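The values are calculated or read from the model by the stated rules, or taken from the named source; none is laboratory data. In this text the structure is predicted, and so the values were computed from the model without any measurement. Ideal geometry is used to build each Cβ from the backbone, glycine not excepted, and the neighbour counts take in all protein chains shown. Just so you know, the surface numbers come from the protein's heavy atoms only, side chains and all, with ligands and any DNA or RNA stripped out. Shrake-Rupley method; radii C 1.70, N 1.55, O 1.52, S 1.80 Å.
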Amino acid sequence: MTTQNTDVLIIGAGLTGLTLAYLLKDLNIKTTIIEANNRIGGRIITRRNTNEAPVDLGATWLVPQQTNVLNLLKALNIEVFEQYYGKTAIYQPNPTKQPQLVSLPNNDSVSYRIKNGTQTLIETLKNQLDHTTIQTNTNAVSIQLKAENLEVQTNKQTFYSKYVVSTLPPALFNQNISVTPKLPSVITDVLSKTHTWMHNSIRVGFTYKTPFWKHPQSSGTIYANSGSIQEFYDHSNAKHSLYALSGFMSANMADLDQAKRKQLALEQLTSYYGDIALEYLSYEECVWKNQKHTTNTTDNFVMPQQNNGHPVYKTPYLNKKLFIAGAETSPLFSGKMEAAVTSAMHVFNSLKAEIN
């Protein structure tokens with residue numbers, strides 16, 4: 001097995017890992033990112049088809065209070081646009097009730113989406129990393145403290161690095177990577193019981209030729225307590241020239257096959273819109289439970305947001321050489337893109353202080 005030396009080894013090429021590499025690029029140090037998947041982006045996925053609206057199947061929305069990620073987007077010259085909700089929503093409280101069109105409350109708050117899909121942020125960050133090596137299909141197996149470095153064994157080679165930053169969901173890190181000397185049990189207990197955002201979410205979307213939901217007696221905003229679809233929103237592009245509906249499907253649908261999930265979603269949309277809902281251009285989905293490099297395989301129930309932003313994530317380990325980062329480790333907007341960027345900034349400032 002070959003060996004490679006680097007100054008900072010980042011495990012995971014999601015938003016935290018790529019943002020950290022972007023922040024480190026001017027420090028004149030060698031940075032390497034390893035990613036277990038055959039793609040980069042982590043829990044950010046945008047499906048793009050020619051002449052169709054981009055469909056986000058992972059992290060999607062931003063709010064004005066998420067200043068760190070919005071400042072990053074501004075620095076990268078990436079545009080955002082306001083999410084369209086409309087003034088009404090289709091609401092179905094339970095299977096025995098007919099869907100009804102309800103008025104949405106007046107709300108001065110807004111949410112944004114990224115022009116051309118959230119993956120634009122991932123692609124732009126990658127293009128900034130001229131001197132950073134990104135190796136996909138490479139998963140870390142073990143981390144061991146040596147005299148001056150950390151030795152990281154992967155499925156392909158051995159890395160020797162001054163610092164290692166894991167950006168994996170903490171529960172996944174705890175399950176898949178052995179650490180020598182062992183981390184204290186008080187830390188591994190928190191790792192194993194930290195909620196992983198989107199781990200059981202199902203995101204689906206349909207693209208269409210026309211926005212048939214945008215007439216006065218309809219809506220692209222759907223809230224349902226029954227059926228396969230739970231929340232759906234207008235997912236048209238920034239110019240409102242390409243059209244889509246996208247949202248969340250019930251996690252109970254995870255064990256069905258794709259064809260059955262699509263059938264159930266179309267049946268529900270047809271009950272709201274009529275047969276025009278069947279005239280879709282494409283169907284996209286992501287069942288996050290099936291993403292093995294996102295979700296750990298234990299059956300232990302973890303409460304939503306449990307241990308997100310826990311104080312143990314502020315401290316580096318193994319002689320201040322190992323950092324545990326990622327969207328779950330930041331206390332503000334945990335699990336969101338803001339938390340991913342904030343975590344990267346925290347580790348960058350810590351590394352900068354150590355290196356200088």
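Please state the relative contact order of the stretch 99-247 as a whole percent: Cα pairs under 8 Å, 6+ residues apart? Each step should come with its number before you reach the end.
Working: 155 pairs, mean separation 23.7, N = 149.
For the stretch 99-247, the relative contact order is 16 percent.
Take every Cα pair under 8 Å in the chain that's 6+ residues apart, average their separations, divide by the length, and report that relative contact order as a whole percent.
Working: 747 pairs, mean separation 80.4, N = 356.
Value for the chain: 23 percent.
What ratio of Cα Rg to 2.2 N^0.38 Å holds for the stretch 70-142? All intermediate terms of the calculation are to be shown ahead of the outcome.
Values: Rg = 20.4 Å, N = 73, 2.2 N^0.38 = 11.2 Å.
Expressed relative to 2.2 N^0.38 Å, the Cα Rg reads 1.82.
Considering the Cα positions of the chain, please state its Rg to one decimal place and its Dmax as a whole number of Å.
Taking only Cα atoms of the chain, I get Rg and Dmax of 21.5, 69 Å.
Run the numbers on the stretch 188-301 and let me know its relative contact order in percent, using alpha-carbon pairs under 8 Å that are six or more apart.
Taking the mean separation of contacting Cα pairs over the length of the stretch 188-301, I get 35 percent.
Let me cross-check Thr67: its accessible surface, 1.4 Å probe, with only protein heavy atoms counted, in Å² to the nearest 10?
70 Å²
Could you give the spread of the C-alpha atoms of the stretch 20-136 along their three principal axes, from largest to smallest, in whole angstroms?
60, 31, 28
If you place +1 on the Cβ of every Lys and Arg and -1 on the Cβ of every Asp and Glu, how big does the dipole about the Cα centre of the stretch 55-197 come out, in debye to the nearest 20? Walk me through the numbers before you get to the answer.
Details: 11 positive and 9 negative charges, 45 e Å.
Roughly 220 debye for the stretch 55-197.
With every protein chain left in place and a probe of 1.4 Å, what is the accessible surface of Arg43, to the nearest 10 Å²?
Ignoring ligands and nucleic acids, Arg43 comes out at about 40 Å².
Could you pull out the trypsin sites (Lys or Arg not before Pro) across the stretch 260-356 that fall in loop regions by DSSP (anything but H, G, I, E, B) with no more than 14 other Cβ atoms inside 10 Å? Mind dumping the intermediate values first?
Working: sites: Lys260, Arg261, Lys262, Lys289, Lys292, Lys314, Lys320, Lys321, Lys336, Lys352; in loops: Lys292, Lys320, Lys321, Lys336.
Sparse-neighbourhood loop trypsin sites (Lys or Arg not before Pro): Lys292, Lys320.
Go through Val55, Val102, Thr136 and say which Cα lies farthest out towards the positive end of the charge dipole of the stretch 23-146; charges sit on Cβ, +1 for Lys and Arg, -1 for Asp and Glu.
Farthest towards the positive pole: Thr136.
Direction-averaged shadow area of the convex hull around the Cα atoms of the stretch 160-209, nm²?
Projected over every direction and averaged, the Cα hull of the stretch 160-209 covers 6.1 nm².
Taking every DSSP beta bridge that has both residues in the chain, what percent is antiparallel when rounded to the nearest 5? Let's see the in-between values first.
Values: 40 of 65 bridges.
Bridges in the chain that DSSP calls antiparallel: roughly 60 percent.
If you project the alpha carbons of the stretch 85-239 onto their three principal axes, what span does each projection cover, largest first, in Å?
69, 39, 30
How do His235, His346 stack up against each other in accessible area, from largest to smallest, with a 1.4 angstrom probe? Write down the numbers at each step before the final one.
Details: His235 0, His346 80 Å².
Correct descending sequence by accessible area is His346, His235.
Where the Cα atoms of the stretch 249-356 are projected onto their three principal axes, how long is each span, largest first, in whole Å?
63, 29, 20
Starting from the Cα of Lys239, draw a straight line to each of the lysines and keep only those under 23 Å, dropping any in the same chain fewer than 8 residues away.
Once the sequence-local lysines are set aside, what remains near Lys239 is Lys74, Lys87, Lys115, Lys209, Lys214.
Roughly how many whole Å is it from the C-alpha centroid of the stretch 24-66 to that of the stretch 266-339?
The stretch 24-66 and the stretch 266-339 have Cα centres spaced 13 Å from each other.
Taking the stretch 270-300, which GluC sites (Glu not before Pro) meet the DSSP loop condition and have no more than 13 other C-beta atoms within 10 Å?
Glu279
Among the lysines, select those whose C-alpha is under 24 Å from the C-alpha of Lys314, and discard any that sit fewer than 8 residues away in the same chain.
Within the straight-line cut-off, Lys314 pairs with Lys25, Lys30, Lys146, Lys162, Lys182, Lys193, Lys336, Lys352.
Kindly identify the stretch 308-356 as rounded, prolate or oblate by the Cα gyration tensor criterion: order the square roots of the eigenvalues as a ≥ b ≥ c, call it rounded if a/c is under 1.5, otherwise compare a/b with b/c, prolate if a/b is larger, else oblate. Numbers along the way, then the final one.
Numbers: a/c = 2.93, a/b = 1.61, b/c = 1.82.
The shape class here is oblate.
With a ≥ b ≥ c the root eigenvalues of the C-alpha gyration tensor of the stretch 164-322, is it rounded (a/c under 1.5), prolate (a/b larger than b/c) or oblate?
In terms of gyration-tensor shape, prolate.
Dipole size in debye (nearest 20) for the chain around its Cα centre, Lys and Arg Cβ +1, Asp and Glu Cβ -1? Walk me through the intermediate numbers first.
Working: 31 positive and 26 negative charges, 79 e Å.
The dipole magnitude comes to about 380 debye.
Using the Cα gyration tensor of the stretch 249-291, with a ≥ b ≥ c the square roots of its eigenvalues, what is the shape: rounded (a/c below 1.5), prolate (a/b larger than b/c) or oblate (neither)? Intermediate values should be presented prior to the final figure.
On the way: a/c = 2.77, a/b = 1.91, b/c = 1.45.
Verdict is prolate for the stretch 249-291.
Hey, with R₀ at 25 Å, roughly what FRET efficiency would Asp255 and Leu76 work out to, going by the Cβ-Cβ distance, to 0.05? Write down the numbers at each step before the final one.
On the way: r = 39 Å, r/R0 = 1.57.
Once rounded, the FRET efficiency stands at 0.05.
Compute the convex hull volume of the Cα atoms of the stretch 199-241, divide it by the residue count, and report the result per residue in Å³ as a whole number. Intermediate results must be reported in sequence, preceding the final value.
Numbers: hull volume 4.4 nm³, N = 43.
Convex hull volume per residue, Cα atoms: 102 Å³.
In whole Å, how far is the Cα centre of the stretch 127-165 from that of the stretch 199-259?
39 Å
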